[in-house]
Amino acid sequence: IPRGYVLKKVATDVPQPKSSLSVSDGKTSILIKTGPAQLSISKSSFDGIHGAWLDLNRNGRFETNEQLIHAGGGPYIVDEMDKRYDARHRTKSGNTNVVVSVEEQGPARVVVAAKGWYHTSKGEPLCIYHTRIIAFAGLPFFRVRHRTIVTYDTQTNKLADSAFVLPAPPPTWAYFGA
């Protein structure tokens with residue numbers, strides 16, 4: 001059954017709903033608070049999630065013992081000659097060659113985009129990466145969408161490994177058994 005639809009103009013000064021999501025876009029990092037979680041993303045040397053905390057005791061503060069992800073990880077690739085290329089390494093001239101920015105921000109979610117080249121520790125580039133980190137208001141988790149774009153002749157070079165590392169502290173407790 002066909003129905004008629006009408007577009008209706010609404011007032012532009014409608015207040016935004018209250019959100020537990022806050023974003024601080026600084027010069028060297030982006031800090032996101034979702035309510036139960038907090039994550040930090042470095043803009044100067046992209047290592048994926050630079051730090052992530054979960055408010056385990058629900059006191060509204062993110063304390064040292066609540067940090068679940070530490071700095072030093074992020075995306076990397078390894079070629080067939082076992083040469084490692086990291087997103088956080090700099091070019092030969094010392095440039096990070098990465099752009100990290102808040103791509104989308106609203107009351108329900110925030111999307112941070114990072115784009116750059118993988119480099120060896122000596123500054124040699126190989127491939128491009130595009131990463132999007134998505135955090136949601138009121139939720140204790142985030143999503144990472146990561147792509148590697150091959151920029152070399154695949155007849156002469158091959159990739160042996162590709163990963164996105166999230167360094168976690170050693171566990172302080174564990175359960176074993178059924």
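Every number in this text was worked out from the coordinates using simple rules, so none of it is lab data. None of the values given here were measured: they were computed from a predicted structure. Glycine also receives a Cβ, built like all others from the backbone with ideal geometry; neighbour counts cover every protein chain displayed.
Database remark: amide H of His89 closer than 5 angstrom to the amide H of His119 (H placed geometrically; neighbours at sequence offset of 5 or more, or on other chains; Pro and chain starts carry no H). Once the Cβ-Cβ distance between Ala163 and Ser24 is put in as r, and R0 is 25 Å, what FRET efficiency do you end up with, to the nearest 0.05? Computed FRET efficiency for Ala163 and Ser24: 0.30.
Of (1) 18.5; (2) 22.4; (3) 17.8, which is the value of Kirkwood radius over Cα pairs in Å derived from the coordinates here? Computing Kirkwood radius over Cα pairs in Å and matching it to (1) 18.5; (2) 22.4; (3) 17.8 gives (1). Anything over 30 Å Cα to Cα? Flag those among Lys8/Lys33; Lys83/Lys115; Lys43/Lys92; Lys122/Lys158; Lys33/Lys115, in the order listed. In this structure, Lys8/Lys33 lie more than 30 Å apart at Cα. Highest GNM mean-square fluctuation among Glu80, Glu103, Glu66, for the chain modelled with Cα contacts below 10 Å: Glu80. Each of Phe142, Leu166, Thr120 was scored by the projection of its Cα onto the charge dipole of the chain, and the greatest displacement toward the positive side belongs to Phe142; charges sit on the C-beta of Lys, Arg, Asp and Glu. For the chain, a crude dipole built from +1 on the beta carbon of Lys and Arg and -1 on the beta carbon of Asp and Glu, taken about the Cα centre, is about 620 debye to the nearest 20. In this label model, Thr156 and Phe141 are separated by 4.3 nm, measuring between points 7 Å along each Cα→Cβ vector. Annotation: extensible slack from Thr64 through Val111 equals 14.4 nm (criterion: 0.36 nm per residue apart, minus Cα-Cα distance). Quarter the surface of the alpha carbon convex hull of region 80-135 and you get the mean projected area, 4.3 square nanometres.
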